[in-house]
Structures are given as C-alpha cells and as structure tokens.
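This report refers to the structure that appears directly beneath it.
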Amino acid sequence: MWVYQKMLQYPARVRSTNPRLAKAVITQYGGPDGELAASLRYLTQRYTMPIPEAKAALTDIGTEELAHMEIVATLVYNLIRDASIADIKRAGLDGYYADHDKALYFVNAEGAPWVASYIQSKGDPITDIHENMAAEQKARSTYEYLIQLSDDPDVTDTLRFLWQREIVHFQRFGEILNLLHDYYGRERVFHMKGWDPQRIPAVEK
Amino acid sequence: MDARQKEMLLRLMELQFAATELNLYLDTHPDDTRALQEFRMRSQELMSAKMEYERIYGPLLNFGLGMTGRTWQWIQDPWPWEVNWRRS
C-alpha cells in the first residue's frame, strides 16, 4: 500500500504568476515523458520482475516519481493560481481554461490528454528496463528544454533538481539491466533476430 | 506557516533526500556495508526529526503512521502545494 507524507520532496518555489511557463511545464505532469507516465510505467512493470533488486528499484523509483508529479503540480498550480483572464489569454492557455479552469489535469504542453499508450509493460524484463532507461533520458531532455524555456529562476531551480533525478534513475536502471543479464547468464550483447544464445560458448569466470 | 515550521520541513526534506538516494543505491548494491551504515544513520536522524516536527505541527503521515495529538491536526492547512517556499 501507499501512505501520504504531508510535505514535498523538494521546496518547489515560484517567483511570480506565469501561465505561459505553466503551459510548458505541465507536460511533465501529463505529457509523454512526464512524471505520471514514469510512475505508472515502473509501478505496473514491477509485478513481473524476476529478481529482488528489480522489484525494489521499480517500487522505489515509481514511488519517487509520484513525489515528482506532486512537485510539478505545485509548480503549475502556483504559476497559474493568480493569473487573470487577460494573462491566460495572452499565454495561450484559454483552451485549457475552457476545459479545466485552473484545475490540474494530465495534458502535454499542447493540451493533449495523457494516454496509457505513452507507456509499455512488456513482460520481458530486459525489454522493460530498456524502455525505462529510454524514458529517463527522454525526461532528462524534456527538463533541459524546460530549463531553456524558463524565465523564472526559482522554477529553474526545481527543474534542475528533477533533471538530476532522471540521471540518477537512469544509472539505477542501468545497474538493474546488468543484474538481469547476470541472472539470465547471458553475455552482454545486443539481441539480433535469429541470434541463438545457445550457440555462444559460456565464458569461464 | 511560520519560519520555524519551514526550517524544520527543509531539514526533513534534506534528511529524507539523503535516505531516498541511499535507498535507491542499496536496491542495486545491497551488499555495500558502508552505504548501509550511512542509510541507518540518516534514517535514524530522519525519524527523530520527524518525531520532533510532529510533536509541534501534527502528523506528517496518514493512516496511523504519524503522531497524533489531542486534536485532528491532519486536516490543517497549508497542504504541501500551498506552502510559499520563496526566499524572502
């Protein structure tokens, strides 16, 4: 089960009302490489992981991503909370406002709603961990683009924290991938169609 | 939220961040005794900082895992997204 902690993982600061920045940052809430996708991806993949390290890492990283989702929501909420209708129209957020007022909703930067097809849960642990490593890199890139777009130094500070976490998670998933290769006793080579691992002689350790 | 509560929360965030980072590291390095020692230390510090905070400001965790006083402080504002963390 999960419990809630009545605190953020990181003090998400916002300097001033900025609906235009909110429109970009919200993609890390409900976009393809956002925190909701990350969290749900890892938490749903963990059931079919064969080794204890992988079950633990997916549970813990999936949980940390939920905390990141709350941080992103806090940024967006505070960036639009005091925005006037004129501010919202100027920022191009009028479409969002028509559907959600200033409520939080899972959309990407262009307003497209979150869909489960952003994520995969394939059952093959090697495949799933590769997906997760790619996901962490995609999220890292997104945070870099958001940092470029940010004109609020306080928001940038929080974006930098989230950016760093993607790098750490990528590292942990890379270690999980190595542990899975050890578990399967396979050589660390790329799988090619028609390639038969039985034909490769085992290497003495 | 007064300055003291914010200061205590920031300390909790720091300690919990250290514990989170070590937790993830230990997930893939369960035999690293130095990291385990460090985790145990941070975890202990975190627990005592949490207890100190909860004694004054009410439970940090729901479902019975936080410390509850004579009044139901859980519903007290502000919630995490409402705290103004801006440096003054």
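Figures for the structure shown
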| quantity | calculated |
| --- | --- |
| Odd one out for B:GLU45, checked against (1) in contact with a Leu (Cβ under 6 Å, 6 or more places away or on another chain); (2) within 13 Å of another protein chain (Cβ to nearest Cβ) | (2) |
| Check on A:GLN45, more than 12 Å from chain B (Cβ to nearest Cβ), at pLDDT 95 or above, closer than 28 Å to A:ASP182 by Cβ and assigned to a helix (DSSP H, G or I) | yes |
| Qualifying positions in the stretch A:54-63 - surrounded by fewer than 21 Cβ atoms within 10 Å (Cβ to Cβ) and either over 12 Å from the mean Cα position of the chain (by Cα) or among the acidic types (Asp, Glu) (or both) | A:LYS55, A:ALA56, A:THR59, A:ASP60 |
| Exclusive hit being at the interface with chain B (Cβ under 7 Å from one of its Cβ atoms) and not hydrophobic (A, V, I, L, M, F, W, C), set A:LYS23, A:LYS6 | A:LYS6 |
| Residues of the stretch A:25-38 that turn out to be buried (at least 22 other Cβ atoms within 10 Å of the Cβ) and either part of a loop (DSSP other than H, G, I, E, B) or among the small types (Gly, Ala, Ser) (or both), as a count | 6 |
| Enumeration of residues in the stretch B:12-42 that are more than 8 Å from chain A (Cβ to nearest Cβ) and crowded, with 16+ Cβ neighbours inside 10 Å | B:LEU15, B:ALA18, B:ALA19, B:LEU22, B:LEU26, B:ALA35, B:GLU38, B:PHE39, B:ARG42 |
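Yes or no, residue by residue, for (1) within 11 Å of the chain's Cα centre (by Cα); (2) over 23 Å from A:GLY31 (Cα atoms); (3) not polar (S, T, N, Q):
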position: A:GLN120; (1), (2), (3): no, no, no
position: A:LYS138; (1), (2), (3): yes, no, yes
position: A:ILE147; (1), (2), (3): no, no, yes
position: A:ASP157; (1), (2), (3): no, no, yes
position: A:LEU162; (1), (2), (3): yes, no, yes
position: A:ILE176; (1), (2), (3): no, yes, yes
position: A:LEU179; (1), (2), (3): no, yes, yes
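The values are calculated or read from the model by the stated rules, or taken from the named source; none is laboratory data. Note that the structure is a prediction, hence the values are computed from the model and not measured. We place every Cβ from the backbone using ideal geometry, glycine too, and count neighbours over all the protein chains shown.
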